[in-house]
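Written below as structure tokens is the structure these notes are about.
Just so it is clear, none of the values below were taken in a lab; they were calculated from the coordinates. None of the values given here were measured: they were computed from a predicted structure. When we count neighbours, we look across all protein chains shown, and the Cβ atoms used for this are built from the backbone with ideal geometry, even at glycine.
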Amino acid sequence: MEENGKRIYLDHAATTGMSKRAVEAMLPFLTEEYGNPSSLHTVGQKAKEALEGAREELASLLGATAKELTFTSGGSEADNQALRTAAAWGKRKGKTHIISTAFEHHAVLHTLEQLGREGFEVTLLDVHENGLVTAEEVRAAIRPDTCLVSVMYANNEIGTIQPIAEIGKVCREAGVLFHTDAVQAAGHLPIDVQAQNIDLLCISAHKFHGPKGVGLLYCRKGIPLATLVEGGAQERGKRAGTENVAGVVAMAAALREAVDGMERNTVSVGRMRDRLIDGLGKIPHSALNGDRTSRLPGNVSFCFEGIEGESLLLLLDQKGICASSGSACTSGSLDPSHVLLAIGRPHEVAHGSLRLTLDAENTDEEVDEVLRWVPWAVEKLRGMSPVWKELEAGEKQFLL
Ligand SMILES: *Cc1c(COP(=O)(O)O)cnc(C)c1O
């Protein structure tokens, strides 16, 4: 599909390649140091030392203590375990009301749906047109029987950053647990579970140049963790299964590297993002999704009227540009993105979405290429679109 074999990867919100440092950190634990941390012999104890060293490192990067971290198979499992933990905590106290938002990741939304079937009452807050919720709205929704507020730190489709420190403060004052899905934030935005009053937090290594299939759940001391995977004493008996030592070690190296480079990357990546937003905004009947300023440094999300996002992706792919229409998890389904619907985009418009997610490995030359090919592709598709013809003929009203 790629012309000249070159590839412009702009789908870092879906996943990232491993950094050299993370690979180097990981390799010994795939080869010579392959011990099982539960084994009492020297080889096992070396693995255990590496695992616990990584736990200390990750804890210090999140403002947590090592005992508060549980390793999981990634963000989805961590989200599931976080919500189950808070639900069990609430149930014991006779509190079965949960507050979240309409634009959470499906790992959260689907777990909440399941909790709804198990007798919990779930309030999903509306998201404003700019893709933000406010701490005041969270405060207003809290009831005496509320056990949990779950609001993601940064959205994976439109990149908006929620005021989580303020929301955390509101929850702490009300005696309600606060969970945040920080999968898109980790490595890109500051995290301090103490300062931000976070009780439960999830991250996933493959979103910040670590390996796929490993993540963690931070659960504040004193909150009993619910168990999803039974069968062993690993992770203090709360998550059975031989630990992914190599993955955890690489996750720690990747997060350390991302946090060390955060300030520099925020500036350089943000500059490329802004060039893309300014350039693509010139396409007629287009609209930026999500707030212009309170957004991830690497996120560009647009809707273009009169086209199908999927066709746009295929055309761009022919030019070597790897993009997304929104979430990797819903691609392949014909439903428009629940995030775009949540910020009030009509169905017709939500179908014409494009998400470009940048990273420090992208370049200004790549941005130039994108600014050349996206307007070309949109025009080409509109030229073939019956809907566009109706719009131009005035038989249908433009929505953007
Ligand atoms: C990717 C992602 C997840 C899922 O993480 P996995 O490690 O792929 O299971 C959860 N939440 C958000 C916001 C994500 O972007």
For the chain, what does the helix formula give at 222 nm: sum of -39500 (n - 2.57) over DSSP H segments with n ≥ 4, over the residue count, nearest 500 deg cm²/dmol?
-12500 deg cm²/dmol
Quick one: which residues, 5+ away or cross-chain, put their amide H under 5 Å from the amide H of Thr101? H built at 1.01 Å from N.
Leu125
Taking the alpha-carbon distance from Lys91 and a cut-off under 25 Å, which lysines remain once sequence neighbours fewer than 8 residues away in the same chain are dropped?
Lys67, Lys169, Lys221, Lys238
Got the relative contact order for the stretch 151-265 handy, in percent, Cα pairs under 8 Å and 6 or more residues apart?
20 percent
Contour minus Cα-Cα span, Thr15 to Asp335, at 0.36 nm per residue, comes to 113.0 nm
State, to one decimal in nm, how far the label point of Lys212 lies from the label point of Thr123, with both points 7 Å from Cα in the Cβ direction.
3.9 nm
Estimated vicinal HN-Hα couplings, Hz - the stretch 11-24 in sequence order (Karplus 6.51, -1.76, 1.60; Gly, Pro = x):
9, 5, 6, 7, 5, 10, x, 6, 6, 4, 5, 5, 5, 4
The stretch 233-314 - Rg (one decimal) and Dmax (whole number), Cα, Å:
19.8, 59
Shape verdict for the stretch 306-395, please, from the Cα gyration tensor: rounded (a/c under 1.5), prolate (a/b greater than b/c) or oblate.
oblate
Share antiparallel - DSSP beta bridges, the chain, percent rounded to 5:
55 percent
Subtracting the Cα-Cα distance from 0.36 nm times the residue separation, let me have the gained length for Glu395 to Thr266 in nm, one decimal.
42.0 nm
Between rounded, prolate and oblate, where does the chain land on the alpha carbon gyration tensor, with a ≥ b ≥ c its root eigenvalues, rounded for a/c under 1.5, else prolate if a/b exceeds b/c?
oblate
Between the stretch 144-159 and the stretch 63-133, what is the separation of their alpha carbon centroids in Å?
8 Å
Cross-link table Lys207/Lys380; Lys20/Lys380; Lys212/Lys282; Lys46/Lys212; Lys46/Lys207, entries beyond 30 Å C-alpha to C-alpha:
Lys207/Lys380; Lys20/Lys380; Lys212/Lys282
Straight-line reach only, C-alpha to C-alpha below 20 angstrom: list the aspartates and glutamates that Lys48 could link to, leaving out same-chain residues fewer than 8 apart.
Glu24, Glu32, Glu33, Glu56, Glu57, Glu68, Glu235, Glu243
Mean separation of Cα contacts under 8 Å, 6 or more apart, over the residue count of the chain: relative contact order %:
22 percent
When the chain is treated as a Gaussian network with springs between alpha carbons less than 10 Å apart, the largest mean-square fluctuation among Val378, Val267, Val349 is found at Val267
Cα to Cα, under 16 Å, and not fewer than 8 places away if on the same chain: which lysines meet these conditions relative to Lys6?
Lys319
Listed residues Met251, Met18, Met152; largest mean-square fluctuation, Gaussian network over the chain with Cα springs below 10 Å, found at Met18
Apply the Karplus parameterisation 6.51 cos²θ - 1.76 cosθ + 1.60, with θ equal to phi minus 60°, to every residue of the stretch 55-70 and state each ³J(HN,Hα) to the nearest whole Hz, in sequence, with x for glycine and proline.
5, 4, 4, 4, 4, 5, 6, 10, x, 10, 10, 4, 5, 8, 9, 10
Report the residue, chosen from Glu379, Glu157, Glu136, that carries the largest GNM mean-square fluctuation when the chain is represented by alpha-carbon nodes joined by springs under 10 Å.
Glu136
First check a/c for the stretch 59-199, with a ≥ b ≥ c the square roots of the eigenvalues of its C-alpha gyration tensor; if it is under 1.5, answer rounded, and if not, answer prolate when a/b is larger than b/c or oblate otherwise.
rounded
Got a sec to turn the phi values of the stretch 90-97 into Karplus ³J(HN,Hα) couplings, 6.51 cos²θ - 1.76 cosθ + 1.60 with θ = phi - 60°, whole Hz, x for Gly and Pro?
x, 4, 4, 9, x, 10, 10, 10
Placed amide H near Phe178: partners under 5 Å, 5+ positions off or other chain:
Val149, Asp199, Leu200
